[in-house]
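The structure appears below as structure tokens.
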Amino acid sequence: MRGWYVAGSAIVNRAYVGPVTGDPAFEVGERVQIRRDPKHGPGPWPAEPTGVVMRHPLSGDGASWRPVETTTGARRFYWIAFDVPQMDTEGDGPYETAEVLDRYLERVTAK
């Protein structure tokens, strides 16, 4: 079993990370569901798993996210601990935790 997954294929790792505007949407301990990408197929997590937002190990300050420069500008990437280990769209895994782009996350509300 693989321990964790850091996003890479859609990222342009540059030294400069521009400002990320707005307040962070998710805090440490919040429950989330990772949704499929409606524009680019099932990725990156086709099973649409649920999990918990954790402190991001690469944030530097214990935050739930870190800024990453992408092809569309600076974005927030959150660290998620899956409820059940997950396989990614390339069949790698299973992963217990992963770095997930903010646009794929949806808050899970109690029923």
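The values are calculated or read from the model by the stated rules, or taken from the named source; none is laboratory data. Just so you know, these numbers come straight off a predicted model, no measurement behind them. Quick reminder, even Gly has a Cβ in these numbers, built from the backbone with ideal geometry, and neighbours come from all protein chains shown.
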task = Return a yes/no flag: does the stretch 63-70 have any residue that is out of contact with any Ser or Thr (no Cβ under 7 Å at 6 or more places or on another chain) and on the phi > 0 side of the Ramachandran plot.
result = no
ask   = Given Leu105, Leu101, which one is within 14 Å of Arg31 (Cα to Cα), surrounded by 15 or more Cβ atoms within 10 Å (Cβ to Cβ), within 12 Å of the chain's Cα centre (by Cα) and of a type outside the set (Lys, Arg)?
value = Leu105
note = Subset of the stretch 32-82, residues more than 15 Å from Arg103 (Cα to Cα), of a type in the set (D, E, K, R) and at pLDDT 90 or above, comes to Arg55
Hits in the stretch 66-88 - residues which are crowded, with 17+ Cβ neighbours inside 10 Å, within 13 Å of Pro49 (Cβ to Cβ) and either of a type in the set (A, V, I, L, M) or free of Cβ contacts under 8 Å to residues at least 12 places away in the same chain (or both) = Ile80
key: In the stretch 8-31, residue modelled with the lowest pLDDT [restricted to those that are in contact with a Ser or Thr (Cβ under 9 Å, 6 or more places away or on another chain) and under 14 Å from Trp79 (Cα atoms)]   = Pro24
